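Below: one structure, written as structure tokens.
Read-outs throughout are calculated quantities, based only on the coordinates presented, and are distinct from any laboratory measurement. All figures in this text were calculated on a predicted structure; none of them were measured in a lab. Note that each Cβ is placed from the backbone with ideal geometry, even for glycine, and that neighbours are counted across all protein chains shown.
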Protein chains: 2
Amino acid sequence: MTHINDNFLRLSQNYLFTEVARRVQTYQARHPEADIIRLGIGDVTQPLCPAVVEAMHRAVDEMARKETFRGYGPEHGYEFLRRAIVEHDYAPLGVRLELDEVFINDGAKSDTGNIGDILGRDNLVCMTDPIYPVYMDANIMAGREVVSLPCTADNDFVPDLPGQPVDIIYLCYPNNPTGTTISRQELTRWVEYALANDALILYDAAYEAYIRDADVPHSIYEVPGAKRCAIEFRSYSKTAGFTGVRCGYTIVPRELEARTSTGERVGLNALWNRRQCTKFNGTSYIQQRAAEAIYSPEGRKQVEATIDYYLTNADIMRTSLRDLGFQVCGGRNAPYLWVQTPRGLSSWQFFDALLQGPHIVGTPGVGFGRCGEGYLRLTAFGDRADCLQAMQRLALNS
Amino acid sequence: MTHINDNFLRLSQNYLFTEVARRVQTYQARHPEADIIRLGIGDVTQPLCPAVVEAMHRAVDEMARKETFRGYGPEHGYEFLRRAIVEHDYAPLGVRLELDEVFINDGAKSDTGNIGDILGRDNLVCMTDPIYPVYMDANIMAGREVVSLPCTADNDFVPDLPGQPVDIIYLCYPNNPTGTTISRQELTRWVEYALANDALILYDAAYEAYIRDADVPHSIYEVPGAKRCAIEFRSYSKTAGFTGVRCGYTIVPRELEARTSTGERVGLNALWNRRQCTKFNGTSYIQQRAAEAIYSPEGRKQVEATIDYYLTNADIMRTSLRDLGFQVCGGRNAPYLWVQTPRGLSSWQFFDALLQGPHIVGTPGVGFGRCGEGYLRLTAFGDRADCLQAMQRLALNS
């Protein structure tokens, strides 16, 4: 008799973004005339840049000719892309990585979930609240216990170190959903904590490209010792508009170890490689050539221009919302704004009010955790015109 | 203190194809003049067909313009592709599927491994020996016990029903590695067994496109009742040369249920959807348009021509090997040939002899399981000229 994984029964029934989509669809069906502006789900709106488009056309043409056709690629990605990452994303930060410490994937969501495959079920996991729901749900599915670190206005959305010993720590900076960043000093405190407690940090740096201030760290490996305690996830989704292309990467340093149940130390790089070779067949050649193109001088300029465009959106929204009297954090060095609901409304009440009034879709903060109650997340990935109109509608509505 | 998943320690150290690659590299480095013909790893050699190439260029161009740009797609795939699958792959077989029973993925390897996420750890798993190593390794990683069903010359490589009650059954037809097919009558026996024992069949039909004989079933759902006991995996890798493109799909029927630990029945379709929404972000839009193109009249013709090409290779190899006195099965309705080693050589001995003598790379049968000892797998995915030359070299060598 086949049994399901009972841990699935512990998940909340609706995945946050599915519920948001359902409410928007229902409203639109009843009000077909409503011009709804979507600032909710973190999806980009600007097209792929010319350098990426050209690279993809070239790669497709290579696949069309027997002499240049590529079948299965290496499970951990082509060397040309791993080399570009090591040279362009890390060397300028003073971080030296070996090629086999880089694992190309089909986006950070897969790996932030799948990384649990190589970790024991009995690890105690800790993560901030609010948090990207994928970390939480993936750990519930695996049967792990999770403790939360509250991030509220009271602590300026900066989590305290855990009050009890934990084994695995998820950190995401620039943060989704609060749009906050972490200082080098704060990050150093976490690395020191992990090293002292033999804990593992899973560091999600998917929004690293949005950092503009020189004193905000781009990678956890900028902190000495981090290679001995951290895995870093990065994504091209928000860096180069790859949400529909699917490519990202994970860094698993060679020095990084964890223990077997009998206390022996085992390298995680080899374990993750084994996991990927068994359950993943590599990312499409075409996507990898696309990703490589953003490291060319033209690609870099084009990608930067789009990021600047979104950061300007963030700035406009942040200023407008504050002018209207909203409490807002985020939106600097980050594409997310974390807006306190007015008049003590709950997250979903404010979501419904914005949908039905000015026809703006946000994401209810409570969907990211209990401490997100009373907040709404807005994203800067919209079109400029939509972004301006949304702010205008809010001004008229308030 | 972070703990690893100890089950990884139970895995054999070397992944089969990694060891094959290592031996070939070592030999080539010592004998740079050797012209090695690779008939080992199941990778295709013919380029993508024109219909697919055109569709990919079009999709890339859509991604280059704001008006037609696509970001995140549905986690379970675009409707255009799911509709094409339902109408072209299943309707002609008399199998009716709903669109939400189809889940697009980045290749069958991911899902045949990841499907375990929704299943309890205590299920007893059974699979044939020899077998595609991914099924075995993914279940070892998850901590499940696996029992094997021997497939040898004695039973004509057709497994008997398990002698003990099992919960999950992996079947792969046309088979990798033996190249055998399953008759409708045999498959019916398995479906009846699964229904009678409340077991789940995981049916890998990745090589379905190679079936030419009318009496060989293409899908397990051709058997009445199979929707209540089977998940089917399909892939475009060998159907359309997508090994470097990455696209496939999984069918999880709505009627399919399994039990919680308290005995309640739960639908697997909803569980798998939840798993995918949490740990997968959809397959690239460009890949999905590529897959759709093979269902157009031109695409269909072009893809068929390539499959015919490989099947002719298989026929040539089968005939030549038999003429040389080898015991061979497979190679009809399947791209694999299962060759008994001569003179009682072990699989790896024969592998080394073929590498060092006629410079042909096969895959040692023992890498697929204990019952594969004394066999070597050859694939028909090579270039015609290589395939003919390999047979010629064998004739000279014997």
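Details
- For the protein assembly as shown, the residue among A:266, B:161, B:325 whose Cα projects farthest onto the positive side of the dipole built from Cβ charges is B:325.
- Spatial separation of Cα centroids for segment A:274-305 and segment B:350-373, in angstrom: 35
- Given charges at Cβ of Lys, Arg, Asp, Glu: the protein assembly as shown dipole, positive-most of A:223, A:191, B:9: A:223
- At full extension, residue B:189 and residue B:145 could sit 13.5 nm farther apart than now, given 0.36 nm per residue minus the alpha carbon distance.
- Within 10 Å of the Cβ of each residue in B:287-299, the mean number of Cβ atoms contributed by other protein chains is 1.
- From the C-alpha gyration tensor of the protein assembly as shown, square roots of 5λ in Å: 45, 28, 27
- Computed magnitude of the charge dipole of segment A:143-280 (debye, nearest 20; Cβ of K, R +1, Cβ of D, E -1): 780
- Pairwise Cα distances in segment B:163-305 exceed 23 Å for 44 percent of all pairs.
- Inter-label distance, residue B:309 to residue B:34: 2.8 nm, where each label sits 7 Å from its Cα along the C-beta direction.
- Within the protein assembly as shown: Cβ-based charge dipole about Cα centre, in debye rounded to nearest 20 (Lys, Arg +1; Asp, Glu -1): 400
- Gaussian network model of chain A, springs between alpha carbon atoms under 10 Å - residue of A:290, A:194, A:214 with greatest fluctuation: A:214
- Mean ellipticity per residue at 222 nm, deg cm²/dmol - from DSSP H runs of n ≥ 4 across chain A, formula -39500 (n - 2.57): -11000 deg cm²/dmol
- Inter-copy separations for residue A:305, label at 7 Å along Cα-Cβ, nm, ascending: 4.1
- Within segment B:51-295, DSSP assigns beta bridges of which about 40% are antiparallel (rounded to the nearest 5).
- Sorting the Cα pairs of chain A by distance into bins of 20 Å, from 0 upward, gives 27, 57, 16, 0 percent per bin.
- Among B:102, B:24, B:361, the largest mean-square fluctuation in a Gaussian network model of chain B (Cα springs under 10 Å) belongs to B:24.
- Debye, to nearest 20: dipole size of chain B, +1 on Lys, Arg Cβ, -1 on Asp, Glu Cβ: 560
- Lysine pairs meeting the criterion (Cα under 20 Å, 8 or more apart or interchain), as found in the protein assembly as shown: 16
- Between the alpha-carbon centres of segment A:33-104 and segment B:107-178 there is a gap of 35 Å.
- DSSP-loop GluC sites (Glu not before Pro) across segment B:6-54, with at most 12 other Cβ within 10 angstrom: B:33
- Average beta carbon contacts from partner chains per residue of B:241-253, 10 Å cutoff: 4
- For B:64-76, mean number of other protein chain Cβ atoms within 10 Å: 5
- Within the listed set B:199, B:230, B:34, the residue fluctuating most in the Gaussian network model of chain B (springs between alpha-carbon atoms under 10 angstrom) is B:34.
- For segment A:1-129, the alpha-carbon radius of gyration amounts to 1.55 times the rule-of-thumb value 2.2 N^0.38 Å expected for a compact globular protein.
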